[in-house]
Amino acid sequence: MDYHNQKRAEVGIGSVAWSPQIARYAQQRADTIARTKRFAHLPLGGNPYGENLAQGGSSGGTPGFTVIDACSGWYAEKVLMPPDARLMTRGLFNRGVGHYTQMVWKDTTEIGAGIARYEKGGFTWTVVVCCYNPPGNVMGREIW
């Protein structure tokens, strides 16, 4: 949450609060991804929240991927943002900025996250799920 709030402050928007309810949902999503070993978003309309997913693998059974690694990856999309972009459009979203814009979406007020690990292909995979309420990336709406 602190990482998100630092990045939100960079664009001049308010902080998000931690929601235990959203965190439970995000943890269930992370657990499901780990159990099924299927790293994917739910179909459109299948999630009541906005969602960022990330995963990373390490060998030797050590969890080398962290929540901060996930957040840093989402934030890295900022370099793809045109300097004058203020409204979410399909073209902007298709540039690959959706994780970043979800992090800094001005209308989002609360978040929750979950983390889970699983073994696949000789790697220990760590999956991070962060959920946002209200969801961001609404076409035609202001990002910040």
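The values are calculated or read from the model by the stated rules, or taken from the named source; none is laboratory data. None of the values given here were measured: they were computed from a predicted structure. FYI the Cβ positions are ideal-geometry reconstructions off the backbone, even for glycines, and counts take in every protein chain you see. Just so you know, the surface numbers come from the protein's heavy atoms only, side chains and all, with ligands and any DNA or RNA stripped out. Shrake-Rupley method; radii C 1.70, N 1.55, O 1.52, S 1.80 Å.
What the table below lists for this structure:
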{"item": "Enumeration of residues in region 96-119 that are open to solvent by 10 Å² or more (accessible area, probe 1.4 Å) and of a type in the set (S, T, N, Q)", "result": "T109"}
{"item": "Candidates T108, T126 - the one that is under 23 Å from I22 (Cα atoms), assigned to a loop (DSSP other than H, G, I, E, B) and β-branched (V, I, T)", "result": "T108"}
{"item": "Flag for Q21 being open to solvent by 80 Å² or more (accessible area, probe 1.4 Å) and modelled with pLDDT of 95 or more", "result": "yes"}
{"item": "Filter result for T36 (polar (S, T, N, Q), more than 23 Å from R8 (Cα to Cα) and either crowded, with 19+ Cβ neighbours inside 10 Å or touching a helix residue (DSSP H, G or I) at 6+ places or on another chain (Cβ under 7 Å) (or both))", "result": "no"}
{"item": "Region 46-86, residues that are surrounded by fewer than 17 Cβ atoms within 10 Å (Cβ to Cβ), closer than 19 Å to Y118 by Cα and either in contact with a Pro (Cβ under 9 Å, 6 or more places away or on another chain) or among the small types (G, A, S) (or both)", "result": "S58, S59, G60, G61, G64"}
